[in-house]
Each structure stands twice: as structure tokens, then as C-alpha cells.
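All remarks here apply to the structure that follows.
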Amino acid sequence: MKRLTPTLREFCEKEELLRLAYVDRGHPRVVPVWFVVIGSDYYVGTYANSPKWKAIKRRPSIGWVIDGGEQNKYKGVSVFGEAEEVTDRKLRARIYRALGEKYYGSADHPKHIEVWGEVDDPSSVYVRLKTEDGFWWQY
């Protein structure tokens, strides 16, 4: 995939939703999810017992889109690759904190803790979206 422009990278990092596509019981499914960008990698979180995570574990091939803009000034990225569970404790903690800061202003916010549990809660799964290829647009 061609490298993102700085403007497009900033746009993607600030967007609230990433649309994640995966295969569930033989059919494509697309769901909006919260996400964070750390370095050049995209990460999402979900619950360990969620149907989404169960389907992704069975078949880790995924795609995702981040898009938006105003009329006649659209931009976005469309990517495909594989999902990989994050098991490293330090990286899990970093993702947890980044999600809290992005969506609640702090990882200590009570609602963030209600949604994700404590920093190393085993009921939460964090997933790296490994890019294989994709494209972007800005017009």
C-alpha cells in the first residue's frame, strides 16, 4: 500500500469509527468499532466472548475502512489483511490507555473502566489489524 500522506494519517487517527469487515458463518459482516493507531499499526478492542471475536479467530482475514469528509472533499483508506490478538502485556496496557484517552479523555475515566475493565482484564481482547494491502483517496 502506498504510504499515507501526513494529512490523511492525521485524519485517520482522529476519526472515531473504523468499519471492520470479517466473515461470520460464511457471510461478510461489517461493524463499526473504536480503534487507535499506535506507530503505524491499527488496533481495536472487543470482548473475549463476543461473536465478532469468535468469528475472527476462526477466520482472521479482515478488511477495514476509515472514511469521511465534507461533500466533495472526501478522504479515507480501505485496507485488507489479517487480525492478530495482542498478548504482550505492555502493548495491551498501551492500547488500553490509548483507547481511554481517545474516547473518554483518560484511561481512568469510570465509563472506560466500565467498558474495558481494568488494564489487564482477561474479558477484553485487543487486536492488531495487520495490513497486507490497500488504497487511499483524497479528493
Before anything else, pin down the relative contact order of the chain: Cα pairs under 8 Å, at least 6 apart, normalised by residue count, whole percent. 29 percent
For a quick check: with amide H placed at 1.01 Å from N, whose amide H comes under 5 Å from Val125's, ignoring anything fewer than 5 positions away on the same chain? Thr46, Tyr47, Ala48
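So which trypsin sites (Lys or Arg not before Pro) in the stretch 1-74 end up in coil per DSSP with only 12 or fewer other C-beta atoms within 10 Å?
Details: sites: Lys2, Arg3, Arg9, Lys14, Arg19, Arg25, Arg29, Lys52, Lys54, Lys57, Arg58, Lys73; in loops: Lys2, Arg3, Arg25.
Of the trypsin sites (Lys or Arg not before Pro), the ones in loops of the stretch 1-74 whose Cβ has at most 12 other Cβ atoms within 10 Å are Lys2, Arg3, Arg25.
Cα convex hull of the stretch 59-103: how many Å³ per residue?
Numbers: hull volume 4.7 nm³, N = 45.
Normalising the Cα hull of the stretch 59-103 by residue number yields 104 Å³.
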For the stretch 36-45, 3J(HN,Hα) per residue [Karplus equation, 6.51 cos²θ - 1.76 cosθ + 1.60, θ = phi - 60°, Hz, x = Gly/Pro]: 9, 10, 10, x, 10, 9, 9, 10, 10, x
Count neighbours as other Cβ atoms within 10 Å of each site's Cβ, and list the GluC sites (Glu not before Pro) in the stretch 96-135 that are DSSP loop with at most 11 such neighbours. Glu118
With a Förster distance of 25 angstrom and the Cβ-Cβ distance between Glu82 and Leu17, calculated FRET efficiency to the nearest 0.05 equals 0.75
In nm, give the distance between the simple-model label positions of Ser50 and Thr5, each being 7 Å from the Cα along the Cα-to-Cβ direction. 3.2 nm
Along each of its three principal axes, how wide is the spread of alpha-carbon positions in the stretch 1-72, in whole angstrom units, largest first? 37, 28, 22
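Charges at C-beta only: +1 for Lys and Arg, -1 for Asp and Glu. How large is the resulting dipole of the chain about its Cα centre, in Debye rounded to 20? Could the numbers behind the result be given before it?
Details: 23 positive and 20 negative charges, 73 e Å.
Dipole about the Cα centre, nearest 20: 340 debye.
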Kirkwood radius from Cα pairs of the stretch 24-139 plugged into Stokes-Einstein at 25 °C, 0.890 mPa s, gives D in µm²/s equal to 161 µm²/s
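Pull out the extension gain between Glu70 and Ser106, defined as 0.36 nm times the separation in residues minus the alpha carbon to alpha carbon distance; nm, one decimal. Don't skip to the end; give the middle numbers.
Details: separation 36, 0.36 × 36 = 12.96 nm, distance 2.91 nm.
Gain on extension, Glu70 to Ser106, equals 10.1 nm.
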Just need the relative contact order of the stretch 12-81 here, percent rounded to a whole number, with Cα pairs under 8 Å and 6+ apart. 31 percent
When ligands, DNA and RNA are left out and all protein chains stay put, how many square angstrom of accessible area per residue does the stretch 1-116 have with a 1.4 Å probe? 60 Å²
Farthest toward positive dipole pole in the stretch 4-139 [+1 Lys/Arg, -1 Asp/Glu at C-beta], among Tyr47, Val36, Leu99: Tyr47
How far apart, in nm, are the 7 Å Cα→Cβ label points at Asp121 and Ala93? 1.8 nm
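The values are calculated or read from the model by the stated rules, or taken from the named source; none is laboratory data. None of the values given here were measured: they were computed from a predicted structure. Cβ: placed from backbone, ideal geometry, glycine included. Neighbour counts: every protein chain shown. Remember, those area values only see protein heavy atoms, side chains included, never the ligands or the DNA or RNA. Shrake-Rupley method; radii C 1.70, N 1.55, O 1.52, S 1.80 Å.
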